[in-house]
Amino acid sequence: MKKNFFSEKRKRLVEQLKYEGVIFSKKVEKAFLAVPREKYVPERLAEEAYIDAPLPTLEGQTISAPHMCAIMCEALDLNEGDKLLEIGTGSGYHSSLCAEIIFPEKKIGKGLVVSVEIFKSLSLYAKKNLQKASYIALVNLIVADGSSNLPFRTKFNKILVTAAAKEIPEHLIELLELSGRMVVPVGKYFQDLKLIVKNRYGEIYVKSLGGCIFVPLRGLKGQQDDS
Ligand code: SAH
């Protein structure tokens, strides 16, 4: 019935993303099949949860389109036991996909998922969604401005930024472990998705993954125009 209705739509979307070559690893495919996107969009939009498009959340913000979440998960090469930092919790959907890969079958083990959101209202919205979808035990939610220095003692081997920065954020490169990867959309009117790799000697490589559209990163070192 309702449950089948959504899981059928979810399977079809995953097939489409595989066909398009956007999902190409088994682990990302499994995560997409496991996380119920209908629980992360506003209730009135639940039936649209498996259209490959961004949807509104709160405060004029959005939940990213599934293909964009897939591109970012694949580029990060997420693995079981990774330590992931996300800037831009939004609905909590993307951090749940990551948590599904880092803690397969929701088994709490080695690994860490921390997600930072600037709006308290959105962090609370994400908390409710994560509870509904049973991911709340796997994702640590923090309300803070991720555009400037964050008070973490630990470093992360994967960093995911889901709002567009004006330039590659230096403070996040510092938080990246050796052999770590970060994906971040950069730019204002023209945005480019960047993959940043820090090799084992600490050298930085930047690769362009193509054009994208994200809401702007706000806050102290975010985009100046908050409209
Ligand atoms: N990853 C989200 C979608 C992100 S939309 C999901 O899965 O639904 C981008 C989010 O980044 C918005 O919720 C926005 O409020 C948040 N954001 C913008 N600037 C921020 C900042 N400086 N620090 C933390 N979060 C920020």
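Quick notes on this one:
- Ranking of Leu178, Leu17 by solvent-accessible surface, largest first: Leu178, Leu17 (1.4 Å probe, protein heavy atoms only, all chains present).
- Computed from Cα atoms, the angle from the helix 120-132 axis to the main principal axis of the chain rounds to 40 degrees.
- Qualifying aspartates and glutamates (Cα of each under 12 Å from Cα of Lys127; at least 8 residues distant if same chain): Glu117
- Here the accessible area of the chain is 54 percent carbon and sulfur, with a 1.4 angstrom probe and all protein chains present.
- Distance from the alpha carbon centroid of the range 98-140 to that of the range 188-209 works out to 25 angstrom.
- Relative counts (whole %) of C-alpha pair distances in the chain, using bins that are 5 Å wide: 1, 7, 15, 20, 22, 18, 11, 4, 1, 0, 0
- Helix-only CD estimate at 222 nm, as mean residue ellipticity for the chain, using -39500 (n - 2.57) per DSSP H run (n ≥ 4): -9000 deg cm²/dmol
- Contact order relative to length of the chain, as percent, for alpha carbon pairs under 8 angstrom and 6 or more apart: 15
- Anisotropy class of the range 1-49 from Cα gyration tensor, a/c 1.5 cut: prolate
- What separates the Cα centres of the range 150-167 and the range 1-76 is a distance of 23 Å.
- Between the Cα long axis of helix 2-19 and the first principal axis of the chain there is an angle of about 50°, rounded to the nearest 10.
- The range 38-137: C-alpha gyration tensor shape, a/c 1.5 cut-off, then a/b vs b/c: prolate
The values are calculated or read from the model by the stated rules, or taken from the named source; none is laboratory data. From a predicted model like this one, the values you see are computed outputs, not experimental measurements. What goes into the accessible areas is simple: the full protein's heavy atoms, side chains included, and nothing from ligands, DNA or RNA. Shrake-Rupley method; radii C 1.70, N 1.55, O 1.52, S 1.80 Å.
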